[in-house]
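What follows is one structure encoded as structure tokens, with my remarks underneath.
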Amino acid sequence: MSIIAWILTLSIVAGQLIRLPFGPGSMNLLDLFIIGFVIFHLLKFRFKLKKPPVFIKVAIFFVLIAMLSLIFSPLELTLPQILISFSYTLRFLFYIVFAWIISPNLHALKLAGVSLAILGLLQLIFFPDLSFLSILGWDPHYFRIVSTFLDPNFTGAFFVLTLILIRKNYAVFALVYLALLLTFSRSSYGMFFISFSTLAYYLKSLKLQLLTLVLFAGLILGYFLYSRFISLPKNIDRTASASFRINTWTEGWQLFEKHPFLGVGFNAYRYAIREYDLTDEQFSKSHGSGSNDSSLLSVLATTGLVGILSYFLFLNSIRRNLMPAVLGLLFHSFFSNSLFFPPILLWLILAAAADKAGSGS
């Protein structure tokens, strides 16, 4: 791999361990690398770029809609709040431009996924109780792999994407599958089933479909054992997370009903739920208050019908050979804002760039 690919791998694997505060949020090592690389490349080559594939054009169109939604936001935003919201839109644009200018390389994504699995297994051995992270705004997970992402759902989704790439390497596949199992993430289990069932359909492989059913049954059994012998004895209420998620869905839908055309402004979700008194003060300070638990509801609430249609155009433009990943992520995104989680967004657009390069379009 090139030095750029190694740095990219390290930036993904660093996850949330290296963070610089930025307004109510932060920038991690991956953000810094992507932004720095894009700026350096644009200055070095004087903004001379190769012809963009269709998915890049559609993604930029979505960015323009996102900017318009913020410009015409109905919220009473202060200048710092506008700049913070705009900065996240700008970050999305940097990720898109990065996929435009870099030579597609999936080796970095494979190595990052496997490294995250190994680090996750070590984390489970040495740090099974993460309740001490609650003072920093993270959920207090117990006996679940969160790896460096510090979230079992995002981590589980990245593991599924990794399994798609390494499915022919059985030993490594088994390692990452074990790590996925130990996230005990229901949404990631569902994503695994949908992604690999879709893959089996496209490959017309009955063997892969049967294997998918067996492996999915293993995940369900693992979750049952976790519930029976770990979460129940520790009084960990997993139904509370489901109830909380329903509440966030309701919030997102209420915002959409108030402003259905262009929404409340892309990445202004945190300020909208405060202004309309849809949340309490404690949640507004948490890491999860910046968006809805559902990626699509987040887009709908912040950019309205215009934004969600342009975003669907973006997803449709990258689906050629990525249908298993896209469908799996769409399911997962109903329960976590995974479509906009930077490492997953990066995986999606780099895989799309590699797919387009491989097809010659």
Charge dipole (the chain, unit charges on Cβ, about Cα centre) - positive-most of A117, L133, T183: A117
Label-to-label distance, nm, for residues given as F61 and I3 (7 Å Cα→Cβ offset): 3.9
Loop trypsin sites (Lys or Arg not before Pro), segment 113-184 (other Cβ atoms within 10 Å of the site Cβ: 13 or fewer; DSSP): K168
Cross-link partners of K50 among lysines (Cα-Cα below 23 Å; sequence separation of 8 or more within a chain): K356
HN-Hα J in Hz across segment 146-152 - Karplus 6.51, -1.76, 1.60, θ = phi - 60°, x for Gly and Pro: 10, 6, 7, 6, 6, 8, x
Under the Karplus curve 6.51 cos²θ - 1.76 cosθ + 1.60, θ = phi - 60°, whole-Hz ³J(HN,Hα) for segment 68-76, x wherever Gly or Pro sits: 4, 4, 7, 4, 9, 4, x, 7, 8
Charge sum, other residues only, whose C-beta stays under 13 Å from D355's C-beta, Lys/Arg counted +1 and Asp/Glu -1: +3
Peptides ranked, highest mean first, by Cβ atoms within 10 Å: ranges 179-191, 152-164: 152-164, 179-191
Local electrostatic count, G328, Cβ distance below 14 Å [Lys/Arg +1, Asp/Glu -1]: +3
GNM top mover of L255, L346, L17 - the chain, alpha-carbon springs below 10 Å: L17
Cut-off under 5 Å, modelled amide H: who pairs with H141 long-range: L130
Helix-derived mean residue ellipticity, 222 nm - over the chain, DSSP H n ≥ 4, -39500 (n - 2.57), to 500: -21500 deg cm²/dmol
Added length on full extension, which subtracts the Cα-Cα distance from 0.36 nm per residue, R319 to F127: 65.3 nm
Local electrostatic count at P152 - Lys and Arg +1, Asp and Glu -1, tallied over other residues with Cβ under 9 Å: -1
Set of lysines near K258 by C-alpha distance (under 29 Å), chain-local residues within fewer than 8 positions excluded: K285
Two-site FRET efficiency, K234 against L203, from Cβ-Cβ distance with R₀ of 41 Å, rounded to 0.05: 0.50
Rounded Å value of the spacing that divides the Cα centres of segment 142-200 and segment 311-332: 18
DSSP-assigned coil residues among chymotrypsin sites (Phe, Trp or Tyr not before Pro) in segment 196-277, each with at most 15 further Cβ atoms within 10 Å: F261, Y276
Per-selection metrics, segment 1-62 (Cα): Rg and Dmax in Å: 14.3, 37
Lysines whose Cα lies under 22 Å from that of K207, excluding same-chain neighbours fewer than 8 positions away: K168
Prolate/oblate/rounded label for segment 72-184 (Cα gyration tensor, a/c 1.5): oblate
Residue exposure sequence - T250, T212, T302 - by fewest surrounding Cβ within 10 Å: T250, T212, T302
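Quick note: the coordinates plus some simple rules give every number you see, no bench work behind them. Just so you know, these numbers come straight off a predicted model, no measurement behind them. Glycine also receives a Cβ, built like all others from the backbone with ideal geometry; neighbour counts cover every protein chain displayed.
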